[in-house]
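Following: one structure in structure tokens, then a few remarks.
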Amino acid sequence: MKRTILFSFLFIFTIINAQIVNGDTLSVDGKKILKVWGTHYERGYATGYLFGDKIKDISEDYFISALFGGSSYLYESTRIYFIANFQIEEKYISETEGIIDGMIEADILLFSDILGRDIDANDILFSNAVVDIASMVDLDYDFGCSSLSSWGGNTSLDPELAGDLVITRNMDWTPHPTLLENHLLVVHFPSESDEVNWLSFTFPGFIGGLSSLNENGLCAFMNMGNHNEHPNTFSFHPILLSVRNGIEVYDYDGNYDIDPEDVQAAIEENYQLSGSIIHTANSQSGLIIECNNQNGVATRDDNDNTVIPSEHLASTNHFRELYPPAGCYRYDNIADSLSNNTEMSIERSWNLLNGAAGVYSNIHTIQYVPTLNLIKWSTAKVGTPAYQIEPTVFDTEELFTYSTSANPQYYQEDSFLSVSPNPFYESTKLSFTLPKTTDVKLCIYNVKGHKIRTLLSEVLVQGNHSISWDGTDENGKKISSGIYFYTLETIYNIYTKKVIMVK
């Protein structure tokens, strides 16, 4: 029976040799969930400390042994090429260094018998370029994937969607046993002022945006392309980290909208080695981004459809804009199904994609409805692809529940608090409802837990209330752009709501 899993986390700040482990874990229906918060280094450290043994297993059993056939020579020579030719941002270097430090603190043996040396941060970064490197090295891999998004008139008759978007995604990789034992959902709560909360359906040690979405309703799913010619030898950037930039950085293209063009801008800013197809969407529409080394970047939306009706977008592993379309039975199956009936519901989107494009190598099947805060996630088992397994249903508001240690109590975000506008430029208003007359204290904190301003400290009667904040501190000075938190404290509980200020 399908069910929504509602849960909360008690964030325990564990101090190990003066290093805080900013992370906590939970298992739901056998699926592991990791929440990490803080800087890139702190999030990496927590990941390494809590999942270091799994990172080591995937590095040795899957990446080195399976993909590289256990050849230390092939692995090391390709790793040297990666270090020399890929440009990685300092934030990701710091994050992977944090992973290694967390593994060390957790007493994980870093030594690899195959390599004859310790695994280091470069190995973690190298593994996050696996889909880039696969195009130039004869690796033993099967990187597939397919997706379908629908919106507008196609979803208007569904009472749940009412015209809003639904997107379903199949992530198809070779079903290696080590991957099948280590499905992981990671939820990030960045302390960097230009980053937003986001989550990734992934595996321990993979920090890029393979299948990801943020709390503003923007998602991106990466597929391999079918043209991987690489005549150009510029400085490359791992496509999964480019996608992560578009999802994690707030309003990447600076147009004051959180939309698929953010992912497009993040990809266009860098140079790719191999071919990739990224299906990105928000609540209103979808966009397909095609890129490779030879021809650069091209996009297509539903206006570019030829055999699929408008207000639908489908992607497989075949370029349709960057190059003339090649035959693909999965894409043709999707088109045939839509030609018979263009109407879409949440259930039909799931069933249509899996009936038309379900394959044995399907490791994850994911469905996302931004306006409903709805995620469905199925994970493969040995011998059974993900799409044949009943999904676990999540509420993104629950997944993006954030706690902070300010004062130093733990605060739980709650849905009865609303902030509008959010993000804000000049001022914003917090609204809330009190079930009883009570003492109320309302304060603003930054991401480090430092109090910025006390907005209210008095007795309020039962009922609806609201208060505005103009983005100033106790001294009336305008604060800098970034992420802040309202904290509402009553005699019954303490709640928080995140607000983003943009100048």
| Estimated FRET transfer efficiency (residue 474, residue 84; beta-carbon r; R0 56 Å; 0.05) | 0.65
| said: For a protection proxy built on the mean count of beta-carbon atoms within 10 angstrom, sort 256-266, 114-124 highest first, please. | reply: 256-266, 114-124
| query | Based on the Cβ-Cβ distance of residue 181 and residue 390, what FRET efficiency does E = 1/(1 + (r/R0)^6) give at R0 = 22 Å, to the nearest 0.05? | reply | 0.70
| query | Going 7 Å from the Cα of residue 502 in the Cα-to-Cβ direction, what parts of segment 282-297 have a backbone nitrogen less than 20 Å from that spot? | reply | 282-287
| Computed label-point distance, nm, for sites residue 28 and residue 104 using a 7 Å Cα→Cβ extension | 3.5
| note | Note, residue 298: beta-carbon cut-off 11 Å, +1 each Lys/Arg, -1 each Asp/Glu, net -2
| task | Provide the solvent-accessible area of residue 215, counting protein heavy atoms only and rolling a 1.4 Å probe, rounded to the nearest 10 Å². | result | 60
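Pulled fully out, how much extra length does the chain show between residue 71 and residue 437, if you take 0.36 nm times their separation in residues and subtract their Cα-Cα distance?
Separation in residues times 0.36 nm, less the Cα-Cα distance, equals 124.8 nm.
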| request: Return the sequence-ordered ³J(HN,Hα) values of segment 418-428 in whole Hz as given by the Karplus equation 6.51 cos²θ - 1.76 cosθ + 1.60 applied to θ = phi - 60°, using x for Gly and Pro. | output: 10, 10, 8, x, 8, x, 10, 10, 9, 7, 9
| said: Could you check the spin-label model distance between residue 459 and residue 294? Points 7 Å from the Cα along Cα→Cβ, value in nm. | reply: 7.7
| message | Strictly over 26 Å apart at the Cα level, which of 35/376; 35/497; 376/451; 451/478; 381/497; 451/477 would you flag in this model? | response | 376/451; 381/497
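Counting only protein heavy atoms, what percent of the accessible surface of segment 133-186 is carbon or sulfur at a 1.4 Å probe?
Details: 760 of 1630 Å².
The computed percentage sits at 46.
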| said: Suppose only helical runs count, i.e. DSSP H with n ≥ 4. What mean residue ellipticity at 222 nm does that imply for the chain under -39500 (n - 2.57) per run, divided by all residues and rounded to the nearest 500 deg cm²/dmol? | reply: -6500 deg cm²/dmol
| field | Mean shadow area of segment 299-398, taken as a quarter of the surface of its Cα convex hull (nm²) | value | 7.4
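Would you calculate the volume per residue, in Å³, of the smallest convex hull containing every Cα atom of segment 52-199?
Details: hull volume 24.9 nm³, N = 148.
Value for segment 52-199: 168 Å³ per residue.
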| query | Magnitude of the Cβ-charge dipole of the chain, K/R +1 and D/E -1, about the Cα centre, nearest 20 debye? | reply | 1040
| request: Would you kindly calculate the translational diffusion coefficient of segment 416-459, applying Stokes-Einstein with the Kirkwood radius from alpha carbon pairs, for 4 °C and a viscosity of 1.567 mPa s, and quote it in µm² s⁻¹ without decimals? | output: 107
| query | How much area per residue is accessible in segment 147-246 when the probe is 1.4 Å and only protein heavy atoms are counted (Å²)? | reply | 23
| Sequence ranges 187-193, 479-485, ranked by mean other-Cβ count within 10 angstrom, highest first | 187-193, 479-485
| note | Restricting to Cα pairs under 8 Å and 6 or more apart, the percent relative contact order of the chain works out to 13
| Residue-wise HN-Hα coupling along segment 163-175, computed from phi with Karplus coefficients 6.51, -1.76, 1.60 (Hz; x: Gly, Pro) | x, 7, 8, 10, 10, 10, 9, 9, 9, 10, 10, 3, x
| message | Skipping prolines and chain starts, which residues have an amide H placed within reach, meaning under 5 Å, of the one on residue 191, given they are 5 or more residues away or on another chain? | response | 38, 39
| message | If you consider only alpha-carbon coordinates, what radius of gyration and Dmax does segment 125-173 have, in Å? | response | 17.4, 49
| task | Round to a whole angstrom and tell me the spacing of the C-alpha centers of segment 46-108 and segment 462-494. | result | 42
| Which of the DSSP-defined H helices in the chain satisfy a minimum axial length of 18 Å, computed from C-alpha atoms, and a minimum mean Kyte-Doolittle hydropathy of -0.5? | 72-85, 90-105
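By how many nm would the segment from residue 426 to residue 229 lengthen if fully extended, with 0.36 nm per residue of separation less the alpha-carbon distance? Before the final figure, lay out the partial values.
Values: separation 197, 0.36 × 197 = 70.92 nm, distance 4.89 nm.
Length gained, residue 426 through residue 229: 66.0 nm.
The values are calculated or read from the model by the stated rules, or taken from the named source; none is laboratory data. Quantities reported herein were computed from a predicted structural model and do not represent experimental measurements. Neighbour counts are summed over all protein chains in view; Cβ atoms, including those assigned to glycine, are modelled from backbone coordinates with ideal geometry. Note: accessible area is taken over every heavy atom of the protein model, side chains too, but ligands, DNA and RNA are not part of it. Shrake-Rupley method; radii C 1.70, N 1.55, O 1.52, S 1.80 Å.
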